[in-house]
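Student: Structure below; questions to follow.
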Amino acid sequence: MSTNCQNALKEILCKGTLPKCSTDRRTASYLDYGSACTRLDSCSRLNLDGLNTQSLCRSSGQQYSLSVCVKSSLTSLNSEYCGPLPNDITFPAYVQASLYQRSATIVSLKATFNSQGISTACTNEWIRMACTSTPFCSSDRVKVVSAITRQKCESAISCLPEASRAILAMAWDCNAFPDDNSEKRVMPSNQAYSNRAFTITLSPLLLFVTYILSVMLF
């Protein structure tokens, strides 16, 4: 890789891996590294081992609200594998852009696992998690809710072969998800993936970071 391409990639990773949080923790903002993305586009035959630089570059200069909930126009994240979204589910504003890429992510995940010979049971566990891992909002829109627990995440990681486990563990910090014994909130079936969701009461920002990292590798 040329020095110019190395410098462009370094700038993208340094500025685009994580956003800067506002002092009141209401917004998360990325620095502008669009010029580095343009330079990287000119680098031919660049193998980044699955690193999704396109996802990183879409975030350049963007600011995300951590306290606004919106309803998506999508009816399903992936109709083949996930089924329909609940009619009245709402999502934090910061996940909206990635929702539209989720279908391709799930297809890519399944194709990658199939090519690596990962078991059907493990693949299905990951597909189920990918379909429900996007954080959503509580009925009153004041809390971020997760349908994934730390134990579910650890189970999915543990079923992978060692090489794949190391890569996925980089993107999925299972400690960011609530414990099985944490607060549970019953929500109407039209507002949640299931009627037994787990609320994240203390760390919606940590879930934001985990979500951003999880879309980087696919």
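Student: For the range 1-123, place one equal point scatterer on every Cα, skip the solvent, and apply the Debye formula. What is log10 of I(q)/I(0) at q = 0.14 Å⁻¹?
Tutor: Summing over Cα pairs of the range 1-123 leads to -0.82.
Student: In Å and from the alpha-carbon atoms only, list the Rg and Dmax of the range 117-192.
Tutor: 13.8, 43
Student: Over the range 119-192, calculate the relative contact order: mean separation of alpha carbon pairs under 8 Å at least 6 apart, over the residue count, as a percent.
Tutor: About 31 percent, as a whole number.
Student: Leaving out same-chain residues fewer than 8 places away, which lysines sit with a Cα under 24 Å from that of Lys143?
Tutor: Excluding near neighbours in sequence, the set is Lys20, Lys71, Lys152, Lys184.
Student: When ranked by the protection proxy of mean other Cβ atoms within 10 Å per residue, highest first, what sequence do the peptides 113-122, 87-96, 177-186, 4-13 form?
Tutor: In descending order of packing, they fall as 87-96, 4-13, 177-186, 113-122.
Student: Take every Cα pair under 8 Å in the range 65-186 that's 6+ residues apart, average their separations, divide by the length, and report that relative contact order as a whole percent.
Tutor: RCO, the range 65-186: 21 percent.
Student: Under the rule a/c < 1.5 gives rounded, and otherwise a/b versus b/c splits prolate from oblate, where does the range 87-155 land using the Cα gyration tensor?
Tutor: Oblate shape, in that a/c is at least 1.5 and b/c is the bigger or equal ratio.
Coordinate-derived values only; no laboratory data. What you are looking at is a predicted structure, and each value in this text was computed from that prediction instead of being measured. Here Cβ is always computed from backbone atoms with ideal geometry, including for glycine, and neighbour counts include all displayed protein chains.
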